[in-house]
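Read through the structure below, which is laid out as structure tokens, and then see the notes.
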Amino acid sequence: MEHARSKMAFAVLVLGLSQGLGAAQAEQIKASGCARAGTEAGCIILQDGKQTYEITSASPKPAIDTYGTVTGTISSKMTMCMEGKPLENAEWKPDPTKACAN
């Protein structure tokens, strides 16, 4: 019985470490552009070059049609927005010196 507990403890440890490594390898990004309304109600996206990011959860919440920079981690989670790469732990910094063309 003791051997079975040791195996279980080892499996839990390995699983925990592998999940931790996955989190450490998450892709961090920094992108700049105009916060735009997404296709779905309440969604906010940002286009930086050819890449689109879903920044709805950024803090503070980006105002639509404002220019800024977002930093965050690309998430593999599905969102209701289904547009662009969703970001987690995203931070939005508006840049009032730049304007967005409507």
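Candidates in region 45-100 are the residues that are in contact (Cβ under 8 Å) with a residue 40 or more places away in the chain and over 17 Å from residue 26 (Cβ atoms); of these, the one that is farthest from the chain's Cα centre (by Cα) is 100. If the condition is being small (Gly, Ala, Ser) and more than 12 Å from residue 33 (Cβ to Cβ), then region 44-98 contributes 57, 58, 59, 63, 72, 75, 76, 90. Checking each residue in region 1-39 for being among the charged types (D, E, K, R), loosely packed, with under 14 Cβ neighbours inside 10 Å and at pLDDT 95 or above picks out only 30.
The values are calculated or read from the model by the stated rules, or taken from the named source; none is laboratory data. All values derive from a computational prediction rather than experimental measurement. Glycine gets a Cβ as well: all are built from the backbone with ideal geometry, and neighbour counts include every protein chain shown.
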